[in-house]
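Below: one structure, written as structure tokens.
The values are calculated or read from the model by the stated rules, or taken from the named source; none is laboratory data. Since the model is a prediction, treat every value here as computed from it, not as a measurement. Reconstructed Cβ throughout: ideal geometry from the backbone, glycine too, with neighbour counts over all protein chains shown. Note: accessible area is taken over every heavy atom of the protein model, side chains too, but ligands, DNA and RNA are not part of it. Shrake-Rupley method; radii C 1.70, N 1.55, O 1.52, S 1.80 Å.
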Amino acid sequence: MKVLVLNAGSSSLKYQLLDLATGAVLIRGLCENIGMHDSAHRFDRGFGELKRSEIMNDHHDALQIVINTLLEPDRGPIKSLDEIDAVGHRVVSGGEYFTESTLIDDDVLEKIGICSELAPLHNPPALAAMHACLEMMPGKPEVAVFDTAFFQTLPPRAYVYPLPYEYYTDYKIRKYGAHGTSHRFIARHAAKMLGADVRDLRLITCHLGNGASIAAVDHGVAIDTTMGLTPLDGLMMGTRCGTIDPAVVTRIQTLLGYTPDQMNEIMNKKSGLLGVSGISSDLRTVEEAALAGNERAVLALELYAYFIKRYIGQYFAVMGGADAIVFTAGVGENSEYMRAQCLAGLEPMGIVLDARKNRIRSGERIISEDRSRVKIMVIPTNEELMIARDVEKIMDEVHQAEVTAEMVEETLV
Ligand code: AMP
């Protein structure tokens, strides 16, 4: 089965065409700066990255360029769009409507539109990509895979904010979480690596990239996560502040006369590693500055690790222990320094990092000492594969339902 996976951002369209029969990625690419003067298309058919400047006014134009590239005579991975069995869309917010991935129809499109309020930068471009697919590939099954769906299992004690309850009932203000597809992928993969059923494990999954979040996955079910109503909550990130005293917000607004939009911009774009170090949102750059003796860079790294350690402790307590801690994404997969910092001193909890294994650079791996009660793992995330697998599962169900309906009809005849 060939699945086209689309991930639409506010000015970007990322894609992969996967062949699930072989597990091969036939092409991956990114349309960037959509709607800007320097829009471009980067793609890789397995022979290195190519970049072409392209005029893309909107996501419709971007999808047309993706399709043209897929069908390029001699060089494209497919000869006809008929070779694509279905399309999977990453959708940031499904609110409380969606607890799992779902086949797209008019009702689903409408609900994704309503959830734009919760993800104003991401749901509208995803909707634009869905409509463009409907137009350019009419009749092709499309599936929506939601970042929030994995966290719809959170119990009310984890998702209700201790504010007047009407804000939840009237305005749906609650914790939704994000990065769910990544947490789901690494939780399942960790279980596979450990030769166990995910339903028998307590996992703390750490997605540490530019955006960062941690989840408590208790016997296969997410019971808490660090991101909240929006991705601003929880860990300190590249440019986001994460959890702070809410009164800090109103205090700064009063002191400096900032509007809510300005305050949002500061907390989302000017805080985190960038805000504290004053140097960069990129962990590598901050690590280099810290090594060169920059004190604010050192403090930024300390804070970053401290936030992670605190949440690991919280989720350890919430689940009454853990069988494994799993790291993924840019920082989680690559920074041996950050993994060592956030796990330092946790030996009494049965969490013992193996310094030598922690230096291993690539691939999925277990980096705890053999005596460590809690396994420490690194698993490269693969959200596209998870999305494609969801599409495959849904297509199988659709096929099964059709076969059953035919059988019933034949019986009645
Ligand atoms: P992501 O959003 O998953 O692409 O992750 C981006 C973050 O990963 C950035 O802060 C990068 O600095 C960080 N990162 C990527 N490679 C490394 C590395 N080798 N060492 C430390 N941080 C890294």
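Laid out as a table, the results:
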read-out: Beta bridges by DSSP in the chain, antiparallel share as percent, to the nearest 5; value: 70 percent
read-out: Cα-based convex hull volume of the stretch 1-123 per residue, rounded to whole Å³; value: 114 Å³
read-out: Simple Cβ-charge dipole of the stretch 196-260, Lys/Arg +1 and Asp/Glu -1, about Cα centre, in debye nearest 20; value: 240 debye
read-out: Taking only Cα atoms of the stretch 70-225, radius of gyration then Dmax in Å; value: 18.1, 62
read-out: Counting all C-alpha pairs of the stretch 73-151, share separated by more than 21 Å (%); value: 30 percent
read-out: Relative contact order [Cα under 8 Å, 6+ residues apart], the chain, whole percent; value: 12 percent
read-out: Student exercise, the stretch 87-133 dipole from Lys, Arg, Asp, Glu Cβ charges, in Debye to nearest 20; value: 240 debye
read-out: Residue among ASN358, ASN33, ASN57 with the largest mean-square fluctuation in a Gaussian network model of the chain, springs linking Cα atoms under 10 Å; value: ASN57
read-out: Top positive-direction residue, dipole computed over the stretch 96-212 with Cβ charges, set PRO120, HIS131, ALA187; value: ALA187
read-out: Gyration tensor (alpha-carbon) shape descriptor, the stretch 151-300, a/c threshold 1.5; value: oblate
read-out: Residue among LEU50, LEU20, LEU208 with the largest mean-square fluctuation in a Gaussian network model of the chain, springs linking Cα atoms under 10 Å; value: LEU50
read-out: GNM flexibility winner over the chain from GLY278, GLY29, GLY94 (Cα, springs under 10 Å); value: GLY278
read-out: Surface accessible to a 1.4 Å probe, ARG251 within the full protein complex, Å²; value: 140 Å²
read-out: Euclidean distance of C-alpha centroids, the stretch 228-293 and the stretch 303-360, integer Å; value: 22 Å
read-out: Dimensionless Rg/Rh of the chain - Kirkwood Rh, Rg from C-alpha atoms; value: 0.98
